[in-house]
């Protein structure tokens with residue numbers, strides 16, 4: 001079999017692709033099944049970090065907040081003091097911090113895009129979720145083609161700003 005050598009490459013040197021750092025996504029999701037499916041679908045492209053509660057999300061964001069390319073936010077967070085809408089408002093600086101749990105008072109205010117991933121589209125309008133600080137609403141069950149397009153659009157917008 002004949003070896004194909006890219007134009008401009010030396011036949012003695014092997015061409016090695018350059019490894020790119022994967023963008024990090026935070027997925028705030030309390031449901032294990034939703035997490036597993038999303039992780040299986042996105043792990044080859046993104047570094048995925050999970051927070052199952054609002055407290056875990058605040059902790060991760062306090063340490064790594066500016067590292068995330070986007071936040072995928074579930075609305076209903078069982079076993080949490082804050083739901084996804086309240087957490088988003090907190091991260092956007094749209095809520096007063098005095099009546100919040102102690103862990104939430106030190107959460108950073110971020111401009112990181114937040115994509116609501118929700119089965120509660122009937123309960124909350126897209127306009128309400130966007131006004132709360134969301135960048136986009138993706139209904140559950142997740143159409144991963146739509147989610148990938150949204151993440152690609154966010155990436156391209158960041159690249160254009162540089």
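What translational D, rounded to a whole number of µm²/s, comes out for the chain from Stokes-Einstein when the hydrodynamic radius is the Kirkwood one over Cα pairs, at 10 °C and 1.306 mPa s?
92
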Packing rank of 68-79, 42-53, 92-103, 140-151, where each peptide gets the mean count of other beta carbons within 10 Å, highest leading: 68-79, 42-53, 140-151, 92-103
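Which of 115, 129, 87 has the fewest other C-beta atoms within 10 Å, and how do the rest follow up to the most?
On the way: 115 21, 129 24, 87 30.
In order of increasing Cβ crowding within 10 Å: 115, 129, 87.
Using only DSSP helix segments of four residues or longer, with each worth -39500 (n - 2.57), what per-residue ellipticity at 222 nm results for the chain after dividing by its residue count and rounding to 500?
Working: 5 runs with 54 residues, N = 162.
One gets -10000 deg cm²/dmol as the mean residue ellipticity at 222 nm.
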Within segment 49-85: backbone nitrogen closer than 15 Å to the residue 39 label point (7 Å, Cα to C-beta): 49-53
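Read-outs: derived from the displayed coordinates by stated rules, not from any lab. Note that the structure is a prediction, hence the values are computed from the model and not measured. Cβ coordinates were reconstructed from backbone atoms using ideal geometry, including for glycine residues, and neighbour counts include every protein chain displayed.
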